[in-house]
Amino acid sequence: MTEIETPERMDPGIVESYFRLGFPARFKLLEEPDAVMTIDPTRDEVRLETPARGSEPDVTAYEHLALEVVDRADGPWFELRVDASDSRYEAYVLVVSVVDQLRSGASVRHAVSEALAALRDLLKSRKTMTDEKVAGLIGELLVLEHLLETLGEAPALQGWLGPLAEEHDFGLPEYDVEVKTTKSESRVHVIGTEHQLEPAPDRPLYLLSVQITRAGAADDAFSLTELIARIRGRLLSGLRTFDRALESV
């Protein structure tokens, strides 16, 4: 099995394409400490291998995670296996999140704990949301994703006011934006309060209409989970800010 040079971040379509290969693909994600990811369609799992330094991560409480200490010629290695049968992209994001923590100098135990805590909080928030709130969050996240490309990480995250329950969803350098998302065939939106479309003094206000629909088995379909993972995958210094904002939602 040959190691493949991997892009810095993979989108859901690329991850899915490696699962469709039918054989395992290995990726060197980090030189120090050594970290190798394997996407293995034969087991429908994503694995992370790294030298066993420090205490062993505790993943016994997680049904879809397993950890093994493997003896090699150069010493023991941790092998973290993530069952990807329910969500392949989430499994990939978890492994990449662990590697991000390792890159910053965290121990393997701490890296796994931090990555699991972040994803656990996101899942808790998602389970309690109504369909309307899910649609609204998708709309705001699509706008945020666009702003990350056009404005950059810091101003885009700073401008996202939706999680703070402010009057408008985005406060950008020269104007405010109120995002309304609908699943209806016509662009009909419900305005929550009489103040929602009132501009602040000397601040232009734009209404941005987002229309989404169920995509079935379409190749370019995505879920809220995948959209969150996609945004997390492109963030660097703002990852914790983004996770905290989602928790408040």
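At-a-glance table
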{"item": "Selection from the range 84-100 of residues that are in contact (Cβ under 8 Å) with a residue 40 or more places away in the chain and of a type outside the set (A, V, I, L, M)", "result": "S85, S87, R88, Y89, E90, Y92, S97, D100"}
{"item": "Count of the range 194-249 residues which are loosely packed, with under 13 Cβ neighbours inside 10 Å, touching a Leu at 6+ places or on another chain (Cβ under 8 Å) and more than 19 Å from E166 (Cβ to Cβ)", "result": "0"}
{"item": "Selected residue (only one of D58, D40 is surrounded by 14 or more Cβ atoms within 10 Å (Cβ to Cβ) and in contact with a helix residue (DSSP H, G or I) (Cβ under 9 Å, 6 or more places away or on another chain))", "result": "D40"}
{"item": "Search result, residues across the range 208-227 that are farther than 27 Å from L94 by Cβ and in contact (Cβ under 8 Å) with a residue 60 or more places away in the chain", "result": "L208, V210"}
{"item": "Failed criterion for P155 (all others in (1) surrounded by fewer than 17 Cβ atoms within 10 Å (Cβ to Cβ); (2) touching a strand residue (DSSP E or B) at 6+ places or on another chain (Cβ under 6 Å) hold)", "result": "(2)"}
{"item": "Criterion (hydroxyl-bearing (S, T, Y) and within 20 Å of the chain's Cα centre (by Cα)) met by exactly one of S113, S107", "result": "S113"}
{"item": "In the range 90-108, the residues that are closer than 13 Å to P12 by Cα and among the hydroxyl-bearing types (S, T, Y)", "result": "Y92"}
{"item": "Test set (1) under 29 Å from S223 (Cβ atoms); (2) out of contact with any helix residue (DSSP H, G or I) (no Cβ under 9 Å at 6 or more places or on another chain); (3) open to solvent by less than 30 Å² (accessible area, probe 1.4 Å) - R26 fails condition number", "result": "(3)"}
{"item": "The range 1-33: number of residues that are modelled with pLDDT under 90 and part of a strand (DSSP E or B)", "result": "2"}
{"item": "Number of the condition not met by T50 [criteria: (1) out of contact with any Gly (no Cβ under 9 Å at 6 or more places or on another chain); (2) open to solvent by 20 Å² or more (accessible area, probe 1.4 Å); (3) at pLDDT 95 or above]", "result": "(2)"}
{"item": "Residue match in the range 230-249 (condition: part of a loop (DSSP other than H, G, I, E, B), at pLDDT below 90 and in contact with a strand residue (DSSP E or B) (Cβ under 6 Å, 6 or more places away or on another chain))", "result": "no"}
{"item": "Of all residues making up the range 158-182, the number that are in contact with a strand residue (DSSP E or B) (Cβ under 9 Å, 6 or more places away or on another chain), open to solvent by 30 Å² or more (accessible area, probe 1.4 Å) and not charged (D, E, K, R)", "result": "4"}
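Residue-by-condition table, conditions (1) among the hydroxyl-bearing types (S, T, Y); (2) more than 19 Å from R244 (Cα to Cα); (3) in contact with a Gly (Cβ under 6 Å, 6 or more places away or on another chain):
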{"site": "E166", "(1), (2), (3)": "no, no, no"}
{"site": "K180", "(1), (2), (3)": "no, yes, no"}
{"site": "S186", "(1), (2), (3)": "yes, yes, no"}
{"site": "D202", "(1), (2), (3)": "no, yes, no"}
{"site": "R214", "(1), (2), (3)": "no, yes, no"}
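The values are calculated or read from the model by the stated rules, or taken from the named source; none is laboratory data. The model shown is predicted, which means the values in this text are computed figures rather than measured ones. Reconstructed Cβ throughout: ideal geometry from the backbone, glycine too, with neighbour counts over all protein chains shown. In case anyone asks, the SASA skips ligands and DNA or RNA and just uses the protein heavy atoms, side chains included. Shrake-Rupley method; radii C 1.70, N 1.55, O 1.52, S 1.80 Å.
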